[in-house]
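Take a look at the structure below.
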Amino acid sequence: MTSSGTNPEGPAPSAAWEVLLPAASAPARARGRALRAALRDAVRCGLLAQGARLPSSRDLAADLGVSRGLITEAYEQLTAEGYLRSGRGAGTWVGGAVRAARPRARDLAPRAPGARADFVPGTPDLSLFPRAAWGAAHRAVLAELPHHELGYPDPRGLPRLRLALAELLARRRGVVADPERLVVVSGVAQASALLGLALHARGTAAVGVEDPGSPQHSALYAGAGVTAVPLPLDREGLALGPLRSSGVRAVVTTPAHQFPTGIAYSARRRAELLDWARSVDGFVLEDDYDGDFRYDRAPVGALQGLDPERVAYTGSVSKSLAPGLRLGWLLVPEGLTEAVVERKRTTDLGHPALDQALFARFVERGDYDRQLRRCQRAYRERRDAVVNALGEHFPGARVSGVAAGLHAIAELPQRYGPQERFLARTAAAGVEVRALNQYAHARVPHDDGPVRLVLGYAHLSPPRIQEGVRLMAEAVASG
């Protein structure tokens, strides 16, 4: 290796030889291109720092065992692009145009905080994902999928999946499922965004959201240019008086099992809500996020089945399989169908065809029904574990919202408050838990009232539920 042209202010020119050596072994026809790419990447990622002097073309060619012409060409090309700079008789240097940084890939996915016990709602038990059945379906679909179905799909989704979903949803959730108005989406989040865009295009400026309710609804509709208007609940569901006086013509609801209160909308309130929608020529946007999980009697049917022209219905596999699959569905009223489908087409040209075919097979063969039954058994056992643990460690606690869903509402006796102190002590003990008022759009402290908690349990085994509730009780008692 030659030592000419060293630069005391930067790395030794041997660095150029080291980063280019693999490229010098490329086939003759591709060698020049490989050398240019390797040199360019070395500057971009900082292996060759700004201001570093490079070996002469003659020396570097000798070190690499390639023709001098290849090195000269590489230097000239990268100088023209701004990666290098050169001067007559002064050599070749790494230029200052590139702000090099070593590549990194951060993981911004939401993760559990590493608490000793985590009762934050919203996460299913991902260990229940049916890997063997899913893998078998994947292999079968790869073997049988016609070549043409790997092209751009119908933006609504593959006809095979829309037919399978229409049968499933009609049977399990009582919806009126027209496959022509069923759109396969990447979860409820995309369904909400598409509905928001379609409503905005119709001139809708605001949409009502339940208060307390999921904070995601407000953010998703706001992202589509539609203002979210918080609307209060009563014992039967969304309160009709504030809804009528709000002036909105669309409202987002979770009527089968309201999040977070656990209310199942009464039959009277369902009828009143639909009468309101007809009277204002508006829409009810139904998020059926955990409608399949009811433990003590048959699930309450979806609101959409009562008036499919006024209710847009959406759901997903996030609670039944895994949120990472990014797979859901949207049944659209006729008045919104064309706009929603067009928005879906321009947004992503359709959901991945292979994923759709896989899930269609999973539904057709009964694997999805078996998975729902498996989850139902597991989550009922965990629901019971929460109720029993609260009864043991917090005598006098009132538990509600447990007939369905994946979380419970616990109201603790006054002696365990005030709420802010309770939350501070449980957090210090390593227990993650959310208060009911944390889901209100305008948070108001409840220091003088009872402690009301939203306890997510689906992702916890019964022993961990028992341990977590015990830790909460000990944290409060120690204070």
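The values are calculated or read from the model by the stated rules, or taken from the named source; none is laboratory data. Worth saying up front: this structure is predicted, and the values here are computed from it rather than measured. Positions of Cβ are generated from backbone atoms using ideal geometry, with glycine treated the same way; all protein chains shown enter the neighbour counts. Surface areas here come from the heavy atoms of the whole protein model, side chains and all, with no ligands, DNA or RNA. Shrake-Rupley method; radii C 1.70, N 1.55, O 1.52, S 1.80 Å.
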*Amide proton proximity set for V207, modelled H, under 5 Å, gap of 5+*: T227, A228, V229
*Taking only C-alpha pairs under 8 Å that are 6+ residues apart, what is the relative contact order of the chain in percent?*
17 percent
*Calculated SAXS-style log₁₀ I(q)/I(0) at q = 0.13, 0.16, 0.22 Å⁻¹ - the stretch 384-438, Debye, Cα scatterers*: -0.33, -0.52, -0.99
*Starting at the first residue of the stretch 207-212, write each ³J(HN,Hα) from the Karplus equation 6.51 cos²θ - 1.76 cosθ + 1.60 with θ = phi - 60°, in whole Hz, x for Gly and Pro.*
9, x, 10, 5, 9, x
_I need the per residue convex hull volume for the chain, using only the alpha carbons, in cubic angstrom as a whole number._
219 Å³
*Which cross-chain or sequence-distant (5 or more) residues have an amide H under 5 Å from the amide H of V311, H modelled 1.01 Å from N in plane?*
V284
_Label point at R373 placed 7 Å out along Cα→Cβ; residues across the stretch 322-355 whose backbone nitrogen lies under 20 Å_ = 322
*Under the Karplus relation 6.51 cos²θ - 1.76 cosθ + 1.60, θ = phi - 60°, what is the ordered set of whole-Hz ³J(HN,Hα) values for the stretch 44-53, x standing for Gly and Pro?*
4, 8, x, 5, 10, 6, 4, x, 5, 8
*Once the Cα atoms of the stretch 329-479 are picked out, what are the Rg and Dmax in Å?*
21.1, 60
*When the Cα atoms of the stretch 239-331 are enclosed in a convex hull and the volume is divided per residue, what value in Å³ results?*
107 Å³
*asked:* What number do you get for the stretch 125-199 when its Cα radius of gyration is normalised by 2.2 N^0.38 Å, N = residues?
replied: 1.32
*Whole-percent carbon and sulfur share, accessible surface of the chain, 1.4 Å*: 52 percent
*For the stretch 175-185, in order, what is each residue's ³J(HN,Hα) by Karplus, 6.51 cos²θ - 1.76 cosθ + 1.60 with θ = phi - 60°, in whole Hz (x at glycine and Pro)?*
8, 8, 10, 8, x, 6, 10, 9, 10, 7, 10
*Surface/4 of the Cα convex hull for the stretch 354-424, nm²*: 7.1 nm²
*May I ask you to give the solvent-accessible area per residue for the stretch 175-222, in square angstrom, as obtained with a 1.4 angstrom probe?*
33 Å²
_Only bridges whose two residues both fall in the chain count here: according to DSSP, what percent of them are antiparallel, nearest 5?_
60 percent
*If a/c stays under 1.5 just call it rounded; otherwise compare a/b with b/c (prolate if a/b is bigger, oblate if not). Do that for the stretch 214-283, with a ≥ b ≥ c from the square roots of the Cα gyration tensor eigenvalues.*
oblate
*With runs of 4+ DSSP H residues as the only contributors, calculate the mean residue ellipticity of the chain at 222 nm using -39,500 (n - 2.57) per run, divided by the residue total and rounded to the nearest 500.*
-13500 deg cm²/dmol
*asked:* Based on alpha-carbon atoms only, what is the radius of gyration of the stretch 158-221 relative to the globular estimate 2.2 N^0.38 Å?
replied: 1.32
*the stretch 25-78: proportion of alpha-carbon pairs further apart than 18 angstrom, %*: 28 percent
*FRET efficiency estimate (nearest 0.05) - Cβ-Cβ, A222 to A271, R0 41 angstrom*: 0.85
